[in-house]
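Below is one structure; the comments refer to it alone.
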Amino acid sequence: MQASSAQGSADRVRFDKWLWAARFYKTRTLAAQAIDAGQARLRDDRVKPAHAVRVADIVVVRRDGLAWEVEVLALSDRRGGAAEAALLYRETPASLAAREEIVAQRRAERASAPRHPGRPTKKERRKLEDFLNEP
């Protein structure tokens, strides 16, 4: 009896389990909540956490303003290391380029933002006064 259940799970895995095993979410609960909220979709369709994922499915995951569009290459219901998780999917080239562009924009915005947005220190105030008082 156990062999048939193991064989049945070999060709499909619950969506929340796969997201957890692929390390998109730290816990299955977080994965299920993201699926319910529409942040993780299967073939651009909202599905339930128990929906079956199959090889060659397209999964879209949105987190922190970033979007991953990945193709499922392998199935696993066990969480392993990051190297093992990376073998479960392949990100589409368009998704990778868009995500890298957004990350680069965020870095540029962070670099141009003032480091001390609060009141100036005594040293900074003196420098500003000297600059403003120059003829």
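No value in this document is a laboratory result; all are computed from the given coordinates. Because the structure is predicted, anything quoted here is derived from the model rather than measured. When we count neighbours, we look across all protein chains shown, and the Cβ atoms used for this are built from the backbone with ideal geometry, even at glycine.
For this structure, a couple of remarks:
- Cα-Cα separations in the range 57-109 greater than 19 Å, expressed as whole percent: 37
- Using alpha-carbon coordinates, inclination of helix 28-37 to the longest axis of the chain, degrees: 80
- Helix-only [θ]222 nm of the chain, DSSP H runs n ≥ 4, -39500 (n - 2.57) each, per residue, nearest 500: -14000 deg cm²/dmol
- Surrounding net charge for Ala37, when Lys and Arg each add one and Asp and Glu each subtract one, Cβ distance under 10 Å: +1
- Most mobile listed residue (Ala22, Ala98, Ala83) in the chain, GNM with C-alpha springs under 10 Å: Ala83
- Cα long-axis angle, helix 122-133 against the chain (0 to 90 degrees, to the nearest 10): 50
- Two-decimal Rg/Rh across the range 2-113, once Rg and the Kirkwood Rh are taken from alpha-carbon atoms: 1.03
- 11 Å reach of a label modelled at Ala108, 7 Å along Cα-to-Cβ, counting backbone N of the range 59-102: 101-102
- Applying 1/(1 + (r/R0)^6) with r as the Cβ-Cβ distance of Thr92 and Asp45 and R0 = 25 angstrom yields a FRET efficiency of 0.90.
- Gained length - Ile58 relative to Arg79, 0.36 nm times residue gap less alpha-carbon distance: 5.6 nm
- Amide H contacts under 5 Å for Asp57: Val72, restricted to partners 5 or more places along the chain or on a different chain, H placed in the peptide plane at 1.01 Å from N.
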